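Visitor: Below: one structure in structure tokens.
The values are calculated or read from the model by the stated rules, or taken from the named source; none is laboratory data. None of these values were measured; they are calculated from a predicted model. Because the Cβ atoms are built from the backbone with ideal geometry, glycine has one as well, and the counts that use them run over all protein chains shown. Side chains are part of the model used for accessible areas, which takes the heavy atoms of the whole protein and leaves out ligands, DNA and RNA. Shrake-Rupley method; radii C 1.70, N 1.55, O 1.52, S 1.80 Å.
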Amino acid sequence: MSKQEEKGKPFYITTPIYYPNANLHMGHEYTTTLCDIFARYHRLKGEEVYFLTGADENTEKVVRAAKDANINTKDYLDETVSGFKSLFKMLGISYDQFIRTSDEEKHWPGVIEMWNRLVAAGDLEKREYKGLYCVGHEAFLTEKDLVNGVCPDHGEAPQELTEENYFFKLSKYSSEIKQKIETDEIRIIPQSRKNEILALLERGLEDISFSRSADKVSVGVPVPGDLSQRIYVWGDALTNYISALGFGTKNGDLYNKFWPADLHVVGKDILRFHAAIWPAMLLSAKLPLPKAILVHGLITSGGQKMSKSLGNVIDPLMLIDEYGHEAVRYYLARYVSPFEDSDLTLERFKAVYNADLANGLGNLVSRIMKMAEVNNIKALERDIELFKKTNLYEQIDSYFVEFKVNEAVDSLWSLIKRADNDIQTLEPFKTIKVDRKKAEVDIKVFLAYLIEISIKLRPFMPITAGKIEKLIKENKSPEAPLFVRKD
Ligand code: MSP
């Protein structure tokens, strides 16, 4: 067996890199948790997973936010990023690397190499440009995108800019990218997003401004050989997916092993950047294309996109504080659709927590473990052995293959419901008094249910899964409920 086979096949998964101009909210947390669920699932399947996340730091938003907070940009960035990391730690986000685009040693060589390749392909050209720039989007908008002269997503009028910039010949790649997406060489999931991007490609892409004048923007990677310009923040940011692997540096081991990415996970608001601009950059640079892009919907709050500019954000820390991090993971995994927009309110969160976790899973674990402990009935050894295997995943593989993470969790809760109903019907706590043998068989079956549930729970709620496993192995009921009911 080769070394690689021993380790399992490589699986490279990425989150977008987050803007550190504010703390992360539940929307960002969703993208990250979704990736974490995939990363854990693939690891449990024995694959060698590399999970990348990070921060998109070379942006005017950050400079503005630091100014507003009266802190210098570097300190502001360090503080915000350390907040991201501690949130990810709390939520059990098992990333392998956190890339920061202000990292001149790690990230910038890859960006410079990418730029040089675009130049070598003849795809960058200096042109005079006049346009409407939205700092919220970090992109140029057209009149059509505006509502009453204002960007509807960010509630601000864009800046009118006239600059001489380098242009990237994006238009050149429309039909090639279209063909790659049509044939699933780059899979875009779900189909509705695939159709959306194909329609855009059918209309044809326009060349885009790929640099900004250095006296207009104070951050960003300088254009090689032309210090009057800085590289456009999205060109810089998208390159993180390969710079993090050492592309453009002498150490390309990770790049050679993990690129092309198996899965980029992004929200629908940044589909165009990932399914048009990024593939075009890669084609121009003569690099392999990512295999799949999962485009999730947005979390809305009261029907509107959750965003800092709209002031309707739900702070993950507040929910973690009240309900615990595993409950937050659970909610995101099951009640936010990986494909459509989903509304999140505090009332709904609480109702779900009480019904599914306190009364559902938590109560089931207590009931079964109590019967087992009090009557000294242990799970069958062959069932306990299952903790070491991964074959139980086959039943949820079908959901994962189709990226239906929420349905995988639904199926798990059907199992919980079935176990609850069976306890209700068989009443082993009564039978034990008259027919110990029968009750023993039943309780062992319930323990087997719990084993299956806890194994399948691992990618979604790793800590809870571990707690149930420990209780089963020690044959103990929990000292305190796993999820305390909230009134
Ligand atoms: N910095 C860019 C990404 C660069 S990737 C090369 C960016 N950052 S972001 O912080 O604004 O958003 C990061 C991710 O969070 C995106 O996938 C975005 O869709 C997601 N979300 C931000 N708000 C969201 C919701 N309200 N709901 C769900 N996810 C949303 O874009």
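Visitor: Determine whether residue 170 is among the hydrophobic types (A, V, I, L, M, F, W, C) and modelled with pLDDT under 95.
Guide: no
Visitor: Scan segment 50-66 and tell me whether some residue there is within 22 Å of the chain's Cα centre (by Cα) and more than 16 Å from residue 18 (Cα to Cα).
Guide: Among the residues of segment 50-66, at least one is within 22 Å of the chain's Cα centre (by Cα) and more than 16 Å from residue 18 (Cα to Cα), which makes the answer yes.
Visitor: Evaluate segment 209-216: report whether one residue or more is of a type in the set (Lys, Arg) and farther than 19 Å from residue 59 by Cα.
Guide: Within segment 209-216, not a single residue is of a type in the set (Lys, Arg) and farther than 19 Å from residue 59 by Cα.
Visitor: Here is a follow-up. Based on this model, can you work out whether residue 270 counts as part of a helix (DSSP H, G or I) and under 23 Å from residue 55 (Cβ atoms)?
Guide: Yes, satisfied.
Visitor: Could you tell me whether any residue of segment 70-89 is among the hydroxyl-bearing types (Ser, Thr, Tyr) and within 23 Å of residue 293 (Cα to Cα)?
Guide: No, that holds for no residue.
Visitor: Another question, then. So residue 481 fits all but one of (1) surrounded by fewer than 17 Cβ atoms within 10 Å (Cβ to Cβ); (2) over 20 Å from residue 352 (Cβ atoms); what number is the exception?
Guide: Of (1) surrounded by fewer than 17 Cβ atoms within 10 Å (Cβ to Cβ); (2) over 20 Å from residue 352 (Cβ atoms), only one is false for residue 481: (2).
Visitor: Right, here's the next one. Test each condition in (1) basic (Lys, Arg); (2) open to solvent by less than 60 Å² (accessible area, probe 1.4 Å); (3) at pLDDT below 95 for residue 404 and report the one that comes out false.
Guide: If we test residue 404 against (1) basic (Lys, Arg); (2) open to solvent by less than 60 Å² (accessible area, probe 1.4 Å); (3) at pLDDT below 95, just (3) comes out false.
Visitor: Going through segment 104-131 one residue at a time, which ones are surrounded by fewer than 16 Cβ atoms within 10 Å (Cβ to Cβ) and either within 19 Å of residue 329 (Cα to Cα) or among the charged types (D, E, K, R) (or both)?
Guide: Listed by number, the residues that qualify are 104, 105, 125, 126, 127, 128, 130.
Visitor: Of these, 269, 315, which one is open to solvent by 10 Å² or more (accessible area, probe 1.4 Å), more than 23 Å from residue 169 (Cβ to Cβ), acidic (Asp, Glu) and within 9 Å of the ligand (Cβ to nearest atom)?
Guide: 269
Visitor: With the condition being farther than 30 Å from residue 436 by Cβ and open to solvent by 10 Å² or more (accessible area, probe 1.4 Å), I'd like the helices (runs of 4 or more DSSP H) fully within segment 327-388 carrying at least 1 qualifying residues.
Guide: Fully inside segment 327-388 and qualifying: 346-352.
Visitor: Hey, another quick one. Does residue 180 satisfy the condition of being open to solvent by 40 Å² or more (accessible area, probe 1.4 Å) and more than 15 Å from the ligand (Cβ to nearest atom)?
Guide: So residue 180 fails the test.
Visitor: Got a number for residues in segment 1-23 being at pLDDT 90 or above and either among the small types (Gly, Ala, Ser) or near the ligand (Cβ under 9 Å from one of its atoms) (or both)?
Guide: Total meeting the criteria: 8.
Visitor: Looking at 398, 414, which is the one that is of a type in the set (Gly, Ala, Ser), at pLDDT below 95, open to solvent by 60 Å² or more (accessible area, probe 1.4 Å) and within 27 Å of the chain's Cα centre (by Cα)?
Guide: 398
Visitor: Next question. Starting from residues that are among the small types (Gly, Ala, Ser) and buried (at least 19 other Cβ atoms within 10 Å of the Cβ), keep the ones in segment 213-245 and report whichever is farthest from the chain's Cα centre (by Cα).
Guide: 220
Visitor: Could you please find all residues in segment 273-303 being within 9 Å of the ligand (Cβ to nearest atom) and either without any contact (Cβ under 8 Å) to a residue 12 or more places away in the chain or in a loop (DSSP other than H, G, I, E, B) (or both)?
Guide: Passing the criteria: 297, 298.
Visitor: Would you be able to say whether some residue in segment 30-53 is near the ligand (Cβ under 8 Å from one of its atoms) and of a type outside the set (Ser, Thr, Tyr)?
Guide: Within segment 30-53, not a single residue is near the ligand (Cβ under 8 Å from one of its atoms) and of a type outside the set (Ser, Thr, Tyr).
Visitor: Of all residues in segment 72-103, which are among the acidic types (Asp, Glu) and under 25 Å from the mean Cα position of the chain (by Cα)?
Guide: Hits for segment 72-103 are 78, 79, 96, 103.
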